[in-house]
Amino acid sequence: MACASCSTKDGSPKGCKNNGTCGTDSCNKLTVFDWLANMALPNGEKPFNWVEVRYKNGRKEYYNNTENLTLSIGDIVATQAKAGHDIGMVTLTGELVRVQMKRKNISENQEEVLKIYRKASQKDIDIWKAARDKEEPMKVKARQFAIDLKLQMKISDIEFQGDASKATFYYTAEERVDFRELIKVFAREFRTRIEMKQVGFRQEAARLGGIGSCGRELCCSTWLTDFRSVSTSAARYQQLSLNPQKLAGQCGKLKCCLNYELDTYLDALKSFPKNDTKLYTEKGTAVCQKTDIFKGHMWFAYEGEWMNWHKITTDQANEIIELNKQKKKVASLEEYASDLVEEDTKEVFENVVGQDSLTRFDSPKRNNKRKNNRRKGNQKNKKPVSNQNTTNKNGGSTNKNEAPKKNPNQNRRKKNNRRKPQNSKNAEK
């Protein structure tokens, strides 16, 4: 499933760190599983002589094996190009190539049929790898040149031809760009033939790859080969919020996965009446406010009483519509809403672990030995307290643990013993 540079050694993965765009293109990007590989052809049948070859970032072409080479998946081959030759990897052989060509409307009887020259030699592979190593620094310089010329474009990727005779620059732009001066700068700087190719934003995301909001690799870069148009009506049918930040993908356009479940929703909505259908009752006219596709419920409110919603099923709504077509009115929606009793959907979870609690590791048990040691130490440091009574000077008994009581007569004696100050004249007399 991976190339030699991604193999492990001593239990630790090396990895080419090119995220699916390594030099050998062996990370199986946009591959097709050959489920007919182990089946033998009937007697007298010749194998299909067309081969699918993949290039950088999932670009695939179909070639005629005129030399009747024995090719298998993973072989590096030299293929015909408009000028020179290109190097690619065989990704599919046999009858499945016929199915893929029919699916992509590629005819076997073309006037200009591209051919496979030979299996790539070591010299071809070395030239190819050296050219691939130049692509990343060239992309940095090319973007700077486009900024200096003030061109409203973004160069997203560069792909060299296998013989390093031509470089294809893939760019995205919202408007038409005059890049004639830019090509002259590229040819003077890089000294090779230049080809500019504009791609859409979806194709750019498919070539570069990335991680989507779901946490998985982008569908367009892993298995999705065709781009279907996505509109906001797909989000409306699925009752999704029309928030462009949530509905847009890495490419800035609406996500391709909005179309995955659209057919299922459309089939489920066939039993629902249209949202603009009104229900006529004797109490008033009711308008649809909300629908629940999964449970098959609808909420209606009377005109003028928009705060009071009445929930009914789709069968009840269709029944009322049929009566309205016969020019008959129902008494009120409350009769139908009362019949619809909500069931409690409380789920009771069982303890599959056994008698052990799932939160047994959340609050660890405290060590009681430390508390006991602290208590013993505090008791040793405390002095012994005696409860013996002692007699005061005044003849009263007191306890050492209690504060001594004061005698009121003692304070009076102290006041009487105080001497009054005498004048100096009285002292001389």
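The values are calculated or read from the model by the stated rules, or taken from the named source; none is laboratory data. As the structure is a computational prediction, the values presented were derived from the model and not from experiment. Please note: Cβ atoms are built from the backbone with ideal geometry, for glycine as well, and neighbour counts cover all protein chains shown. In case anyone asks, the SASA skips ligands and DNA or RNA and just uses the protein heavy atoms, side chains included. Shrake-Rupley method; radii C 1.70, N 1.55, O 1.52, S 1.80 Å.
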Complete set of residues in segment 79-109 that are surrounded by 12 or more Cβ atoms within 10 Å (Cβ to Cβ) and assigned to a loop (DSSP other than H, G, I, E, B): Ala81, Gly84, Thr93, Gly94, Ile106, Glu108
One residue from Glu136, Glu112 being open to solvent by 40 Å² or more (accessible area, probe 1.4 Å), assigned to a loop (DSSP other than H, G, I, E, B) and not basic (Lys, Arg): Glu112
Top-ranked residue of segment 254-285 - restricted to ones that are in contact (Cβ under 8 Å) with a residue 12 or more places away in the chain and β-branched (Val, Ile, Thr), ranked as surrounded by the fewest Cβ atoms within 10 Å (Cβ to Cβ): Thr285
Selected residue (criterion: nearest to the chain's Cα centre (by Cα)) from residues of segment 69-106 that are among the polar types (S, T, N, Q) and closer than 26 Å to Lys166 by Cα: Thr91
Failed criterion for Val185 (all others in (1) under 18 Å from the mean Cα position of the chain (by Cα); (2) surrounded by 17 or more Cβ atoms within 10 Å (Cβ to Cβ); (3) among the β-branched types (Val, Ile, Thr) hold): (1)
Flag for Gly200 being surrounded by 13 or more Cβ atoms within 10 Å (Cβ to Cβ), touching a Ser or Thr at 6+ places or on another chain (Cβ under 9 Å) and not acidic (Asp, Glu): no
In segment 292-319, residue nearest to Leu240 (Cα to Cα) [restricted to those that are open to solvent by less than 20 Å² (accessible area, probe 1.4 Å) and not in a loop (DSSP other than H, G, I, E, B)]: Met298
Selection within segment 172-199 - of a type in the set (Ser, Thr, Tyr) and either in a strand (DSSP E or B) or in contact with a helix residue (DSSP H, G or I) (Cβ under 8 Å, 6 or more places away or on another chain) (or both): Thr172
In segment 166-216, the residues that are over 18 Å from Lys141 (Cα atoms) and among the polar types (S, T, N, Q): Gln198, Gln203, Ser213
Test: Glu159 is open to solvent by less than 70 Å² (accessible area, probe 1.4 Å) and closer than 29 Å to Ile87 by Cβ: yes
The lone exception for Tyr237 - which of (1) in contact with a strand residue (DSSP E or B) (Cβ under 9 Å, 6 or more places away or on another chain); (2) open to solvent by 50 Å² or more (accessible area, probe 1.4 Å) it fails: (1)
Residue in segment 115-125 that is nearest to Gly162 (Cα to Cα), counting only those that are outside any loop (DSSP other than H, G, I, E, B) and out of contact with any Gly (no Cβ under 8 Å at 6 or more places or on another chain): Ile125
Near pairs, Cβ below 9 angstrom, 6+ apart or cross-chain, from segment 184-211 (at positive phi) to any residue that is assigned to a strand (DSSP E or B) and at pLDDT below 90: Gly209/Glu217; Gly210/Glu217
Filter pass, Phe169 being touching an Asp or Glu at 6+ places or on another chain (Cβ under 9 Å) and not in a helix (DSSP H, G or I): yes
Pairs, first more than 30 Å from Ile127 (Cβ to Cβ) in segment 155-181, second open to solvent by 10 Å² or more (accessible area, probe 1.4 Å) and among the acidic types (Asp, Glu), C-beta under 9 Å, six or more apart: none
Residues (touching a strand residue (DSSP E or B) at 6+ places or on another chain (Cβ under 8 Å), in a loop (DSSP other than H, G, I, E, B) and either touching a residue at least 40 places away in the same chain (Cβ under 8 Å) or among the hydroxyl-bearing types (Ser, Thr, Tyr) (or both)) located in segment 39-78: Tyr55, Arg59, Asn65, Thr66, Glu67, Leu69, Leu71, Ser72, Gly74, Asp75
